[in-house]
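All remarks here apply to the structure that follows.
The values are calculated or read from the model by the stated rules, or taken from the named source; none is laboratory data. Predicted model, so just to flag it, every value in this text is computed and none were measured. Note: ideal-geometry Cβ built from the backbone for every residue, glycine included; neighbour counts use all protein chains shown. Side chains are part of the model used for accessible areas, which takes the heavy atoms of the whole protein and leaves out ligands, DNA and RNA. Shrake-Rupley method; radii C 1.70, N 1.55, O 1.52, S 1.80 Å.
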Amino acid sequence: MMKAILYHKYGTPDALELTEIDKPIPKDDEVLIKVHAVSINDWDSGLLNGDFINRMLNGLRKPKRKILGSDIAGRIETIGKNVTQFKPGDEVYGDLSGRWGGFAEYVCAQEKALALKPPTMSFEEAAAIPQAAMLAVQGLIDKGKIKQGQKLLINGAGGGVGTFGIQIAKLYGVEVTGVDSTAKLDMLRSMGFDYVIDYTKEDFTKNGKCYDLILDVKTNRSMFDYARALCPNGVYVTVGGSIGRLIQSLLLAPLIRMIQKKNLRVVALKTNKDLAYMNNLFEAGKIKCVIDGPYRLDEVPEAFRLFNKAGHKGKIVITI
Ligand SMILES: NC(=O)c1ccc[n+]([C@@H]2O[C@H](COP(=O)([O-])OP(=O)(O)OC[C@H]3O[C@@H](n4cnc5c(N)ncnc54)[C@H](OP(=O)(O)O)[C@@H]3O)[C@@H](O)[C@H]2O)c1
């Protein structure tokens, strides 16, 4: 048996219950992991609330997969007979999006969803990395084509993507502005943001300044506002936020490129693609994980309440 946090109906964190259930059994191409740490992502929150898109993914009336949690770190306990890359005892981490199951003492995963954890990285640090860091890397490097000397703005800078984003951006020698709420500005300054903007007091799309690259985790403004805040040939990259605005960005991108010579791009997350890159940065001492917590498994509902009101700084991590 194992302890896990289950939900049987869509709703608030009150729907999350600590329960004892059977330990999962790995298939031939899977490993069984003893979970040591797991972090909360925006996607977990969407799956819990049960918005339209997440109901399409996890059941229209009630959730099919009842244990949330994608970003896990732990030790492999047993392996299926077709597993070749890992052995029992290996310390691994990764994003299990699509099957989830991380808010539990044990979870099964396919090899392709996992990377070896460097020995110097704690389980908590490893659990903080997968989704947020992949979005930051893919947003800044793959889609944003970040270059030395640019002016970058990160909108929604104090959460998971922003706190990895600033550290990756600084490796490229760029000037970085972070936008978030009043309570997070000191943390942003201490992480190396050159400038901070309090979105409750100032609208960065209307202050007359321009940026070569904007990385947005909120996407809460019109695409014309974002285009106004871009310098000539600038690039706006959204990783998430309002679905309506994301669709707007895809529809308007060709028009804004043709008329204003500015670029709007959307990141479609490639899970776990850049874990090796993050391992290298971590081992070279170039990346630190900003962790809120760690919390205990029985505190998961409380941790979701904190996440839902964005009271967290960096990544909320649960130790199991
Ligand atoms: N593209 C994909 O394939 C994909 C896959 C998975 C997830 N995602 C998306 O990726 C994003 C994950 O971001 P994250 O992990 O960094 O989220 P996060 O940890 O929730 O951070 C978001 C930050 O934005 C701040 N914020 C809230 N309202 C704001 C506003 N109006 N202006 C500026 N900042 C604001 C929040 O703090 P305050 O509330 O205190 O201001 C918080 O610090 C989500 O949008 C998620 O949906 C995308």
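Figures for the structure shown
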item: Fraction of the pair-distance distribution of the range 85-158 above 19 Å, Cα-Cα pairs, percent; result: 49
item: Student exercise, the chain dipole from Lys, Arg, Asp, Glu Cβ charges, in Debye to nearest 20; result: 1080
item: The range 207-302 - charge dipole about Cα centre, Lys and Arg +1 at Cβ, Asp and Glu -1, debye rounded to 20; result: 640
item: Mean separation of Cα contacts under 8 Å, 6 or more apart, over the residue count of the range 9-79: relative contact order %; result: 47
item: Accessible solvent surface per residue of the range 190-266, calculated while the other protein chains remain in place, 1.4 angstrom probe, Å²; result: 51
item: Share, in percent, of DSSP beta bridges within the chain that are antiparallel, nearest 5; result: 55
item: DSSP-loop chymotrypsin sites (Phe, Trp or Tyr not before Pro) across the range 271-303, with at most 10 other Cβ within 10 angstrom; result: none
item: Given charges at beta-carbon only (K, R positive; D, E negative), |dipole| of the range 39-102 in Debye; result: 500
item: Cα centroid separation, the range 219-268 to the range 113-174 (Å); result: 21
item: Over 21 Å (Cα to Cα) - which of K117/K170; K62/K315; K23/K64; K143/K315 fall in this group; result: K117/K170; K62/K315; K143/K315
item: Accessible-area value, K66, 1.4 Å probe, nucleic acids and ligands omitted, Å²; result: 70
item: The chain: Cα Rg divided by the 2.2 N^0.38 Å rule of thumb; result: 1.00
item: Accessible area per residue in Å² at 1.4 Å probe, computed on the range 25-163; result: 39
item: Relative contact order %, the chain, counting alpha carbon pairs below 8 Å whose residues are six or more apart; result: 18
item: Of all accessible heavy-atom area on the chain, the percent that carbon and sulfur account for (1.4 Å); result: 54
item: Shape call, the range 238-320: gyration tensor on alpha carbons, a/c limit 1.5; result: oblate
item: Net charge of neighbours whose Cβ lies under 15 Å from the Cβ of K9, counting Lys and Arg as +1 and Asp and Glu as -1; result: +3
item: Disulfide-incompatible cysteines by the Cβ rule (no partner under 4.7 Å) in the chain; result: C108, C289
